[in-house]
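The values are calculated or read from the model by the stated rules, or taken from the named source; none is laboratory data. On a predicted model such as this, the values are computed, not experimentally measured, just so you know. Cβ atoms come from the backbone with ideal geometry, glycine included; neighbour counts cover every protein chain shown.
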Amino acid sequence: MERRVYFILGDLLSCVAAGAAGGWLTELAHPGACFVLIGMAIGMVLGMVAGMVAGLLLSPFFGSLEVMLPASLSGMVGGMVVGMMHDISLMDAAGIGAAMGILCLAFSYRLQARLQGEVS
Amino acid sequence: MSDLKTRKKWDSAASLFDLMGGFGPEKRWRPHKERLFSTMEGKVLFLAVGTGLDIPCFPPGKDITGIDISPKMLEKAEPRVAAYEGRMTAQQMDVHDMDFADGAFDQVFTSCTFCSVPDPVAGLSALRRVLKPGGVLKMFEHTGSRAFPFNLMLNAINPLSRNLGPELNRDTVANVQAAGFEVRKVTNIYLDVVKTIEAVAPPA
């Protein structure tokens, strides 16, 4: 597991920023009241793009795939959750996305704890 | 014949390579790379040198021959090659078309290389040829994943990524085996994506 504070804070910043960007962009582009699955699909695509861009921008500072994979997931999940909601502000959408980013980081850390180390 | 498409791709990437990978990614991976490279012994082939970001992780006093397909990358690597406290040369060469003799090296090291070699099994077979029988291949590579949802994400991003730089969904461990190596040890560094692979060229 990553134990260096600089990188842990970088992971957190990346996922929060990516999730917030995914949520915000989804709410901005959302056609309003639409079927929940369509909203989720729109959010998934837009959120993943936003997450990838956030990950790419922060990667030079904090790491390569360790930043880009959780950030892309954060954007995607943030976008999907916001895409299923109606009548929320852009600020709320970014906040919900940021919260999803924290959850996605926790998920990726848990997966890392399970997968790391010698496998054969 | 040199792979001009791959050469052009990495020549284009050379100017931004250190900016994108020189600080965060290198600092993050450095302890793992230092551990892997600390086992360098005898005559070593290092593929691919790139801009030489890995060179500060090499132990001093070794005999290392570096190659890379991109002349622009090698230009950037020159000061790092010159600063290495040991014997090191770097030359432009395509792994598919190396002009080293059979069994010329005791060990081959790679670092984030086989995400980009166009025909990975052929490239790895070429490395087996230049390794002595019983010689060791040690790799620091990123590969595809089997873990949901990252497997789906890497597959989705790959068509874009392969045109700009590396492929993100390769099964490099299987490629090493397909090239005739005996895989001795695989260690996951980040998820099951970034890993070290140790393999042996079987005796003739």
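Quick notes
- Residues (at pLDDT 95 or above and facing chain B (nearest Cβ under 10 Å)) located in region A:53-62: A:Leu58, A:Ser59, A:Pro60, A:Phe61, A:Phe62
- Helices (runs of 4 or more DSSP H) contained in region A:7-120 and holding at least 1 residues hydroxyl-bearing (Ser, Thr, Tyr) and farther than 24 Å from B:Glu167 by Cβ: A:90-115
- Residue in region B:133-149 that is in a helix (DSSP H, G or I) and either buried (at least 16 other Cβ atoms within 10 Å of the Cβ) or within 14 Å of chain A (Cβ to nearest Cβ) (or both) present: no
- Extreme residue, nearest to the chain's Cα centre (by Cα), among residues of region B:9-34 that are more than 10 Å from chain A (Cβ to nearest Cβ) and more than 16 Å from B:Lys76 (Cα to Cα): B:Lys33
- Listed by first and then second residue, the pairs linking a residue in region B:66-80 that is more than 18 Å from B:Cys115 (Cβ to Cβ) to a residue that is part of a strand (DSSP E or B) and of a type in the set (D, E, K, R), with Cβ atoms under 9 Å apart and 6 or more places separating them unless they lie on different chains, are B:Leu74/B:Asp68; B:Ala77/B:Asp68.
- Any chance A:Ser74 is within 28 Å of B:Thr187 (Cα to Cα) and modelled with pLDDT under 95: no
- The single condition among (1) over 23 Å from B:Thr51 (Cβ atoms); (2) assigned to a helix (DSSP H, G or I) that B:Gly103 does not meet is (2).
- Residue among B:Asp171, B:Asp106, B:Asp119 that is touching a residue at least 60 places away in the same chain (Cβ under 8 Å) and either under 18 Å from the mean Cα position of the chain (by Cα) or surrounded by 21 or more Cβ atoms within 10 Å (Cβ to Cβ) (or both): B:Asp106
- Residues that are within 13 Å of another protein chain (Cβ to nearest Cβ) and either surrounded by fewer than 18 Cβ atoms within 10 Å (Cβ to Cβ) or not small (Gly, Ala, Ser) (or both), drawn from region A:106-116: A:Phe107, A:Tyr109, A:Arg110, A:Leu111, A:Gln112, A:Ala113, A:Arg114, A:Leu115, A:Gln116
- Filter result for B:Leu168 (over 30 Å from A:Val49 (Cβ atoms) and touching a Leu at 6+ places or on another chain (Cβ under 8 Å)): no
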